[in-house]
Amino acid sequence: MAKVLVIADIKRGEVKRSTAELLAKARSIGAETAVVAIGNNLEALIPGLVSAGSESQYVADDLGLELFSAAPYASCIVDAANQFGADQIWFASTESGKAVAPRVAARLGVACATDITDVTSTGDNIEITRPAIANKVIQRVKINSEKLVAVVRAGAFEMTAEGAGGSEKVIRLAAPPADLGAVVKELIADASGDIDLGDAAIVVSVGRGVKDQKGIDLVKALADDLGAGFGTSRAMVDSGLMGHNKQVGQTGKIVAPKLYIAVGISGAIQHLSGMTGSQVIVAVNNDPEAPIFNVADYGIVGDLFEVVPILRQQIKNIKK
Amino acid sequence: MKILTTVKKVVDVELTIRVESGAIVEEGLQYVMNAWDENAVEASVQLKENNGAETTLVSIGGGDDNIQIIRRGYAMGIDNGVQVDDPLLAGADSFVLARVLQKVCEKGSYDLIITGKQAQDTDNGQTGIILAENLGIPCVSNVVAMDVIDDKHIKATRLGDGGKEIVEVTLPAVVTVSDSINEPRLPQMRGLMMAKKKKIDVMDLAALGTSLDEVGGKDIRSEIVEFSRSQARKAGKKYEGDAAQITAQVVDLLVNEAKVL
Ligand SMILES: Cc1cc2nc3c(=O)[nH]c(=O)nc-3n(C[C@H](O)[C@H](O)[C@H](O)COP(=O)(O)OP(=O)(O)OC[C@H]3O[C@@H](n4cnc5c(N)ncnc54)[C@H](O)[C@@H]3O)c2cc1C
């Protein structure tokens, strides 16, 4: 039986849903599962790691691991992978995952595949699929090494009933040495009240069409009404109106919510490659030729300054 | 300070990409410098302008397009160019490319290696990080700002999951840059003219002092077996006309048809 080690996706002291999604996929292919959690003060998270569907939990809990640092994180994962005898090592698509996965693969001397949407293994053959060229094509890739390190694209694996419920078997990992060549001096944390784009069931995003802060506030109110994550296009990040961490797209976050509402976004391929995995897409744009309408299930052609207040009112009405 | 920047030739992603019998149709494709590598070139030219540095770029690949891309780097302000051109590298994966780059690094003793954080054609985002592992030097990825502290240290700001991470890096090191680090300059006519006269140091694996075997090219860890077209999302319906009316219609459909509200 294949052994899959999943890297726990922990943010602000919480185990993210992606952890359970990856574990569910591992179990659905009949693998033995383990999870590795890295950070500081993780004790309270252990029950959550178990219920996410892991059969053993490798825990590296140390003050020195409080802030993300790629080299020591990679050491913890290599340690866990060796102890567990992992055949495959899966990361969720996070910035830390993308930074650590290639290191782990390099150290283990195995293949690394990022942004994968599926993995199959028959006998000794592992194959993965992944989009490339800004989502224009799909690659089917044969893995020649016996083991695989993979970063899984957001929304690729779904939670399944059989995923839930693991068993507790905690293995403590020794704290690795710090990386003295790249010392994390400070974390300028994102505003804490925000809904994580990766978790949100609904994402509302603004593009250059909103023009200024007033336009942003108008659409943010809609996002708040819906309890939605609030994203944006690169044009807005470049202009300094929105933070980097809100950018959806090829270089930003890849999201796959139930509902994505794009307001004043033209739909450049780099933006599309971050959100076309959404279940339902709504676009509001005053240009009927805007490419965003090529992917939108429901396109509202109109002036966003007129449409958004109406949209808020309509949604309030149905929520009553 | 000696800076090495890696640049890759990629297909122009704005153009239509056709797939036939599991392969990308070469005809009609155009090649450009990977967008993130333009950011890497810009970052090294800025370091040169502000702090004084000798800048070199390296590109693995052959053909006229690749020469044009190196010339573009020159026109942006890069001093020296190395092209590793060897048909043996056709099926190279990230690990092989990182080994080749390692050989280039070992020849030049660079203080700082700047790469784009990923390439527009593969979106792999691995090579720079693996290169640092191979060289046993620090690496900071997804960097959005960079400042020189002194000859041996830089401050890199990285966009992480929880916010901006401020990292003090001891050189030599690898930095992979995000597109938000800068706005790459457009090469000027004069620069492009001058660039044509500049020498490019072209070498194959043998000239680099290595072999396909040594860079792992006989034992590639992964290979693409097939391309297919992505399942394009179908365009749904566009609603035009009275704002109140069409908005009401769409909200109704989101509730009753799509069942997402
Ligand atoms: C290497 C690379 C990576 C990139 N990565 C990303 C990425 O990750 N994410 C990303 O988003 N972009 C990315 N881009 C940039 C991308 O190409 C586009 O430039 C960007 O997405 C455009 O943002 P926008 O849609 O907000 O702006 P625009 O393209 O300017 O679109 C604004 C839209 O608003 C509409 N509009 C204007 N006024 C109104 C109104 N009153 N009511 C309704 N609609 C209105 C217009 O019709 C237009 O369609 C990348 C580019 C490159 C080269």
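FYI, it's all coordinate maths here, none of it is from the lab. If you're wondering where the values come from, they're calculated on a predicted model, not measured in any experiment. Cβ sites come from the backbone with ideal geometry, for glycine too, and all protein chains shown count toward neighbours.
Given 0.36 nm per residue, what is the gain on full extension from A:L63 to A:K185 after removing their alpha carbon distance, in nm?
Stretched out fully, the A:L63 to A:K185 stretch lengthens by 42.5 nm.
If the label point is 7 Å along Cα→Cβ of A:I29, which residues in segment A:64-91 have backbone nitrogen under 16 Å from it? Under 16 Å, as judged by backbone N against the label point of A:I29, lie A:86-91 of segment A:64-91.
Computed over chain B with a Gaussian network model linking Cα atoms closer than 10 Å, the most mobile of B:A232, B:A207, B:A244 is B:A244. Reducing segment A:196-243 and segment A:276-295 to their Cα centroids gives an inter-centroid distance of 15 Å.
Look at the stretch B:168-180: the mean tally of other chain Cβ atoms within 10 Å of its residues' Cβ atoms is 3.
The ranking of A:K25, A:K185 by Cβ neighbour count inside 10 Å, starting from the fewest, reads A:K185, A:K25. Normalising by residue count, segment B:107-191 has a Cα convex hull of 144 Å³ per residue. Reported to the nearest whole Å, the Cα centre-to-centre distance from segment B:171-224 to segment B:229-261 is 46. With a Förster radius of 35 Å applied to the C-beta separation of A:S239 and A:K11, the computed FRET efficiency comes to 0.80. Here the translational diffusion coefficient of the protein assembly as shown follows from Stokes-Einstein with Rh set to the Kirkwood radius across Cα pairs; for 25 °C and 0.890 mPa s it amounts to 99 µm²/s. Bridges between two residues of segment B:2-203, per DSSP, are antiparallel at a rate of about 45%. Sorted from longest to shortest, the spans of the Cα atoms of segment A:202-319 along the three principal axes equal 37, 28, 27 Å. If R0 is 56 Å, the Cβ-Cβ spacing of B:D64 and A:D224 corresponds to a FRET efficiency of close to 0.55.
Size of segment A:3-172 from its Cα atoms: along the principal axes, largest to smallest, the extents are 42, 34, 28 Å.
Measuring r between the beta carbons of B:E257 and B:H153 and using R0 = 51 Å, the FRET efficiency lands at 0.30.
With both residues required to sit in the protein assembly as shown, DSSP beta bridges show an antiparallel share near 40%.
Derived from the Cα gyration tensor, the three semi-axes of the equivalent ellipsoid of chain A are 37, 21, 19 Å, largest first. Label positions at B:E106 and B:E223, each projected 7 Å from the Cα along the C-beta direction, are separated by 2.5 nm.
Across q = 0.13, 0.16, 0.17 Å⁻¹, segment A:94-252 modelled as identical point scatterers on its alpha-carbon atoms has Debye log10 I(q)/I(0) values of -0.92, -1.18, -1.23, in the order of the q list. When each full DSSP H helix of chain A is screened for a Cα extent of at least 18 Å along its own axis and an average Kyte-Doolittle hydropathy of at least 1.6, none passes. In this simple spin-label approximation, B:S211 and B:V25 carry label points 7 Å from Cα along the Cα→Cβ vector, and these lie 4.2 nm apart. With neighbour counts taken as other beta-carbon atoms within 10 Å, the residues B:K107, B:K155 rank, fewest first, as B:K107, B:K155.
Between A:N41 and B:Q188, the simple label model (points 7 Å from Cα in the Cβ direction) yields a spacing of 5.5 nm.
With the helix formula -39500 (n - 2.57) applied to DSSP H stretches of n ≥ 4, chain B reaches a computed 222 nm mean residue ellipticity of -9500 deg cm²/dmol. GNM on chain A, alpha-carbon springs under 10 angstrom: the most fluctuating residue among A:A106, A:A150, A:A37 is A:A106. Straight-line reach from B:K152: taking Cα to Cα under 28 Å and skipping same-chain neighbours fewer than 8 places apart, the lysines in range are A:K98, A:K185, B:K2, B:K8, B:K48, B:K103, B:K107, B:K117, B:K164. Among B:C105, A:C76, A:C112, the order by Cβ neighbours within 10 angstrom, fewest to most, reads B:C105, A:C76, A:C112.
Here segment B:19-75 and segment A:1-71 have alpha carbon centers that stand 39 Å from each other.
Pick out which of A:I143, A:I188, A:I38 has the largest mean-square fluctuation in a Gaussian network model of chain A, springs linking Cα atoms closer than 10 Å. Most flexible of the set in this elastic network: A:I188.
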